[in-house]
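Some notes on the structure that comes next.
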Amino acid sequence: MASDSWARFEESKERVSNSESLSYFERYSSPHSHPGGAIWRTVLQKFRVLALFLTRRIAQSSGKAEALQGMRQLEGSAAGKEVLLLASGPSADKINTREVATRQKAGELVVVATNYFLHSPLAKTITPDFLVWSDSVFHPAKKTHNAEAWQRVEDTPSVRMVMPWTWRSIITTMSVAERTVYFDNDSLEGWSTNTSPLHPRGYQGSTGVKALGFALHLEPRQVFVIGLDLSYFQSFRVDSDNRVVRQPTHLQGTDSGIQDITPHTINGIADSLYSTANQFLSLRQHFSGHPIINLDPDSLVDAFPKVIGHPLVKKSAAKKPSAS
């Protein structure tokens, strides 16, 4: 399990975010901030990823191999089947819930969902086989701050949870422990091409993309994707004080509301759009070429082949332009 040194590491991250000077350097050196064409800053950002990875590895100490045993056992478990990744973007509302439930019940389809899916109207018909959490808002140490999300999980015992292995020391004391599998949540962005949840990822780490890596790990004959829209940048607004604000952009019941994202930037909207562009690029660089099909023909994601009129999508949705 992650050691006491890991707890101290996470506490130090909090101190950095609360320190004006340290948080500025954190954003300045982040690979998600626009380097402005400066070679030396690009180098700084790449080495920051490496330095942070090594620091995290030292702080984590031992326990990773044991924690990932469940994930190793899942490798290839969907062979001959199809996997549906239901991310939280608005296009997920196009899914044909009855067809999904029918295929899932027949053992033909494995459903992977993310984040607040259990809060969405889709959850009335579809119960995912796996629910992927990785954002800090779901950290078990903060369970009391997100009690409703945890209660939904506890009330849905058939769902298997997929979480970072560094959460394991707390999860083992909870009721969901027996149905939780863990993945390596470390990043070697810019240094690796890995997409496997057994090793540090080589891409920017939104939960939807991590869930895609998990879906591929199951080695199905096909992965269908919907709700992985990356369309949130279309809802960015800049107010009279030049604060960058993100309006609600996700499926009903799954959004965290209006967010001021200015504190996560140095160059405001330029950094926000640069970070988003990196997400689109990582899908092309790391995931194209795998057996992935995008069920939303109007999706902005152009890394995967698209289909029109698939049975897993409502017939009416195939005729309407996407709002995502």
Problem set entry | Integer Hz, Karplus 6.51/-1.76/1.60 couplings in order for region 22-37, x for Gly and Pro | 5, 5, 5, 5, 4, 6, 5, 8, 6, x, 9, 9, 5, x, x, x
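Mind checking the dipole of the chain: about its Cα centre, +1 per Lys or Arg Cβ, -1 per Asp or Glu Cβ, Debye to the nearest 20? Can you show the working numbers first?
Values: 35 positive and 31 negative charges, 103 e Å.
Roughly 500 debye for the chain.
Ignoring any ligand, DNA or RNA, what whole percent of the accessible area of the chain comes from carbon and sulfur when the probe is 1.4 angstrom?
Using a 1.4 Å probe with all protein chains present, the chain comes out at 53 percent carbon and sulfur.
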Exercise. What list of ³J(HN,Hα) couplings, whole Hz, do you get for region 175-182 from phi and the Karplus terms 6.51, -1.76, 1.60, once you set θ to phi - 60° and write x for glycine and proline?
Worked result: 5, 8, 4, 6, 10, 10, 10, 10
For this session: Using Cα pairs closer than 8 Å and at least 6 residues apart in sequence, work out the relative contact order for region 125-280, in percent.
Result: 13
Seminar exercise, completed: Answer in debye to the nearest 20: the dipole magnitude of region 149-262 about its Cα centre, from +1 Lys/Arg and -1 Asp/Glu charges placed on Cβ, is 200
For this session: Using a Gaussian network model of the chain whose springs link C-alpha atoms within less than 10 Å, name the residue from PRO35, PRO263, PRO164 with the highest mean-square fluctuation.
Result: PRO263
For this session: Net charge near PRO311: determine it from the other residues with C-beta under 11 Å of the C-beta of PRO311, scoring Lys and Arg +1 and Asp and Glu -1.
Result: +3
Exercise. If you build a Gaussian network model of the chain, linking Cα atoms that sit under 10 Å apart, which residue out of TRP40, TRP191, TRP133 swings the most?
Worked result: TRP40
Problem set entry | Spin-label proximity, GLU66 to region 135-172 - amide N less than 15 Å from point 7 Å beyond Cα toward beta carbon | 165-172
For this session: Work out the P(r) tail for the chain: percent of alpha carbon pairs separated by more than 28 Å, whole number.
Result: 41
Exercise. Can you work out ³J(HN,Hα) from phi for every residue in region 279-289, in order, using Karplus 6.51 cos²θ - 1.76 cosθ + 1.60 and θ = phi - 60°, giving whole Hz and x for Gly and Pro?
Worked result: 5, 4, 5, 5, 5, 5, 6, 10, 10, 5, x
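What does the charge dipole of region 49-172 about its Cα centre add up to, to the nearest 20 debye, if the Cβ of each Lys and Arg holds +1 and the Cβ of each Asp and Glu holds -1? Display every interim value, and only then the final one.
Details: 15 positive and 11 negative charges, 46 e Å.
For this selection, approximately 220 debye.
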Problem set entry | Paired Rg and Dmax values of region 260-305, which use every Cα atom, in angstrom | 13.6, 38
Seminar exercise, completed: Length-normalised contact order of region 1-294, Cα under 8 Å, at least 6 apart, in percent, tallies to 24
Seminar exercise, completed: Expressed in angstrom and rounded, the centroid-to-centroid distance over alpha carbons for region 235-313 and region 28-101 is 15
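If Lys and Arg each add +1 and Asp and Glu each add -1, what is the summed charge of the other residues whose beta carbon sits under 14 Å from the beta carbon of HIS199?
+2
Over the chain, give the accessible area per residue in Å² for a 1.4 Å probe, as an integer.
On the way: 15310 Å² over 324 residues.
Result: 47 Å² per residue.
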For this session: Have a look at PRO31, GLN45, THR55 and report the one farthest towards the positive end of the charge dipole of region 13-64, computed about the Cα centre with Cβ charges (Lys/Arg +1, Asp/Glu -1).
Result: THR55
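At 222 nm, what value in deg cm²/dmol follows for the chain if DSSP H runs of at least 4 each add -39500 (n - 2.57) and the sum is divided by all its residues, to the nearest 500?
Details: 11 runs with 106 residues, N = 324.
For the chain, the value works out to -9500 deg cm²/dmol.
The values are calculated or read from the model by the stated rules, or taken from the named source; none is laboratory data. Everything numeric in this text was worked out from a predicted model, so none of it was measured. Here Cβ is always computed from backbone atoms with ideal geometry, including for glycine, and neighbour counts include all displayed protein chains. Quick note on the areas: whole protein, heavy atoms, side chains included, nothing else; ligands and nucleic acids left out. Shrake-Rupley method; radii C 1.70, N 1.55, O 1.52, S 1.80 Å.
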